[in-house]
Amino acid sequence: MSREGRGRLSSIDLLPPDADGIVQWAVAELQARERTQLDILVEMNGKLEEIGCDPISPSAFNRYSTRLASTTRRLQETRDIASAVTERLGPEKADDITIMLVELIKSAAFSILETGELDSKAFMELSKGLQHALSAQKISADARRVQQQEIEKRVAAAAEAAADVAGEKGFSADTVEAIKARILGVAQ
């Protein structure tokens, strides 16, 4: 069963911007998993009362907490998969890993968007995360390109040095070219 749009806003979604810090505090407390949900709700409602907001009902807070836990679990699963693949591939495949991670982030973003459980702030953070991942992918590709150019320069310098030495030792021009071709990996 698919929902159209984002659905009805919860009482937490309807809190004024002044309450954002309180909601973020509650999220951090829920994710820390050191206190009961009811204890966090009681303290949250106390903080909301201080700024003149209505309290959040236990059922609304439970629904919010459940959505948060589900999203957190999915993101942790994505991190675990990325970590396992990264360990398996090793550092020499850094560019491949970056590409894979960007694709995982895109997949996670799509999954979150599909659920419709995303407010504008979370959407903005998700967008920033994807933007940073794409930037990392570009940086990785640029670094690989620079590294490849440096290797090519060193190989060309080595081939020239070998050709100079071969010429000094009296090798024929054909032999010098064969040595250079072998060093450069060029078939004759």
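Take the residues in region 118-154 that are farther than 30 Å from LEU14 by Cα and acidic (Asp, Glu); name whichever of them is modelled with the highest pLDDT. Checking each candidate, the answer is GLU150. None of ALA136, ALA156 is under 24 Å from VAL102 (Cβ atoms), touching a residue at least 24 places away in the same chain (Cβ under 8 Å) and either assigned to a helix (DSSP H, G or I) or of a type in the set (A, V, I, L, M) (or both) except ALA136. For LEU75, the criteria (1) within 21 Å of GLU125 (Cα to Cα); (2) among the aliphatic types (A, V, I, L, M); (3) crowded, with 16+ Cβ neighbours inside 10 Å; (4) at pLDDT below 80 hold in every case but one, which is (3). From (1) surrounded by fewer than 11 Cβ atoms within 10 Å (Cβ to Cβ); (2) touching a residue at least 40 places away in the same chain (Cβ under 8 Å); (3) not basic (Lys, Arg), pick out the condition that doesn't hold for ALA28. Checking ALA28 against (1) surrounded by fewer than 11 Cβ atoms within 10 Å (Cβ to Cβ); (2) touching a residue at least 40 places away in the same chain (Cβ under 8 Å); (3) not basic (Lys, Arg), the one that fails is (2).
Residue selection: ARG33 satisfies the criterion of being at pLDDT 85 or above and on the phi > 0 side of the Ramachandran plot.
Conditions (1) over 24 Å from the mean Cα position of the chain (by Cα); (2) at pLDDT below 85; (3) surrounded by fewer than 13 Cβ atoms within 10 Å (Cβ to Cβ), marked per residue:
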position	(1), (2), (3)
GLY52	yes, no, yes
PRO55	yes, no, no
THR71	no, yes, no
ALA82	no, yes, no
ILE97	no, yes, no
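The set of residues in region 33-69 being closer than 29 Å to THR98 by Cα and free of Cβ contacts under 8 Å to residues at least 40 places away in the same chain consists of ALA69 alone.
The values are calculated or read from the model by the stated rules, or taken from the named source; none is laboratory data. Predicted model only: the values in this text are computed from it and were never measured. Here the Cβ is made from the backbone with ideal geometry for all residues, glycine too, and neighbour counts use every protein chain on show.
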